[in-house]
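S.K.: One structure follows; several queries about it will come next.
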Amino acid sequence: MFPGGSGDIGLGKNGVIRHDHNFVVRTRRLWNRQGYAVIIPDTINHINLRGKRSSATYASLIQSIIAFAHEEATVPVFLFGTSQGAIAAVNGTTHAASGTIAGVVLSESVSVMGGSKETVFSATPQKVTVPVLIVANQDDRCDVAPPQAAQQIASGMTASPEVRVFMVSGGITKSKKNCGSLTPHGYFGIENDVVDKVSAWLDAKSR
């Protein structure tokens with residue numbers, strides 16, 4: 001699972017996470033209860049990943065993460081990216097060796113060019129060859145992740161055997177910015193519903 005923002009979650013050697021507001025980070029136990037093991041990569045030395053997630057260098061790092069997942073268990077592996085992390089998920093998917101991942105989930109994907117100078121379209125979504133689930137919140141007010149762009153992202157996945165767009169609604173705003181984690185952009189207040197519905201898709205693709 002690839003978080004948004006700078007990508008720095010502040011993972012300590014003792015396993016404590018200092019920055020755990022991001023959707024894929026704060027819901028990790030909900031995914032565990034659904035039967036899924038979760039890998040959430042941190043940055044090295046607090047490097048800011050903005051502008052780097054669509055790079056070949058970062059794609060190579062993701063391949064190492066995929067390999068690690070397969071070493072841990074003989075089960076289907078999925079990539080899940082939210083907001084800026086969706087760029088990483090697409091990039092990792094397009095560079096993944098055949099048969100190493102079962103699908104990719106993108107939520108509140110950055111699709112409008114902003115300060116990071118990259119979007120999901122920078123990561124060549126037309127090269128994705130696995131099933132795709134795109135989740136978008138109708139109430140998301142983040143200016144670089146408009147929910148109406150979900151269908152445009154889906155249309156760009158021309159090599160995927162199956163692309164599904166799943167729209168949700170609702171959420172509570174607690175963050176000061178519309179792109180903050182504790183807003184509809186981060187599914188704050190509707191986490192259980194989103195996790196349940198995404199898990200149903202993952203379950204179907206795991207059979």
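The values are calculated or read from the model by the stated rules, or taken from the named source; none is laboratory data. Just so it is clear, the structure is predicted and the values come from calculations on it, not from any experiment. FYI the Cβ positions are ideal-geometry reconstructions off the backbone, even for glycines, and counts take in every protein chain you see. Calculation scope for accessible area: heavy atoms of the full protein, side chains included, ligands and nucleic acids excluded. Shrake-Rupley method; radii C 1.70, N 1.55, O 1.52, S 1.80 Å.
S.K.: Between Met167, Met157, which is more than 19 Å from Asp20 (Cβ to Cβ), of a type in the set (A, V, I, L, M, F, W, C), in a strand (DSSP E or B) and in contact with a strand residue (DSSP E or B) (Cβ under 6 Å, 6 or more places away or on another chain)?
M.R.: On the way: Met157 fails: in a strand (DSSP E or B).
Residue meeting the stated conditions: Met167.
S.K.: Between residues in segment 80-92 that are free of Cβ contacts under 8 Å to residues at least 60 places away in the same chain and residues that are among the hydroxyl-bearing types (Ser, Thr, Tyr), which pairs lie under 7 Å by C-beta distance while being six or more apart or on different chains?
M.R.: Going by the 7 Å Cβ cut-off, the qualifying pairs are Ile87/Ser54; Ile87/Thr119; Ile87/Ser122; Asn91/Ser54; Asn91/Tyr58.
S.K.: Something else: Report, ordered by the first and then the second residue, all pairs with beta carbons closer than 8 Å, sequence separation of six or more or different chains, a first member in segment 111-131 that is farther than 19 Å from Ser60 by Cα, and a second member that is assigned to a helix (DSSP H, G or I) and open to solvent by 20 Å² or more (accessible area, probe 1.4 Å).
M.R.: Correct list of pairs: Ser111/Phe121; Ser111/Gln152; Pro131/Lys205.
S.K.: Listed residues Asn14, Asn32; which is under 24 Å from Ser199 (Cα atoms), more than 14 Å from the chain's Cα centre (by Cα) and free of Cβ contacts under 8 Å to residues at least 12 places away in the same chain?
M.R.: Asn32
S.K.: Of everything in segment 134-163, what is open to solvent by less than 10 Å² (accessible area, probe 1.4 Å) and in contact with a Gly (Cβ under 7 Å, 6 or more places away or on another chain)? Give them in sequence order.
M.R.: Correct list: Asn137 only.
S.K.: Give segment 172-189 a look and list any residue that's without any contact (Cβ under 8 Å) to a residue 24 or more places away in the chain and aliphatic (A, V, I, L, M), or say none.
M.R.: Ile172
S.K.: A further question follows. Sort out which residues of segment 106-120 are buried (at least 24 other Cβ atoms within 10 Å of the Cβ) and among the hydrophobic types (A, V, I, L, M, F, W, C), and write them in order of number.
M.R.: Leu106, Val110, Val120
S.K.: To continue, here is another question. Where in segment 12-91 are there helices (runs of 4 or more DSSP H), lying fully within it, with 3 or more residues that are over 21 Å from Val144 (Cβ atoms) and open to solvent by 40 Å² or more (accessible area, probe 1.4 Å)?
M.R.: Result: 28-33, 56-72.
S.K.: Looking only at segment 170-194, count every residue that is assigned to a loop (DSSP other than H, G, I, E, B), more than 19 Å from Ala86 (Cβ to Cβ) and open to solvent by 70 Å² or more (accessible area, probe 1.4 Å) and tell me the total. Talk me through it step by step, then tell me what you get.
M.R.: Of the residues in segment 170-194, the ones assigned to a loop (DSSP other than H, G, I, E, B) are 170-183, 187-190.
Filter once more, so that each one left must be more than 19 Å from Ala86 (Cβ to Cβ): 170, 172-174, 176, 189.
Next, only the ones that are open to solvent by 70 Å² or more (accessible area, probe 1.4 Å) stay: 172-174, 176.
Selection size over segment 170-194: 4.
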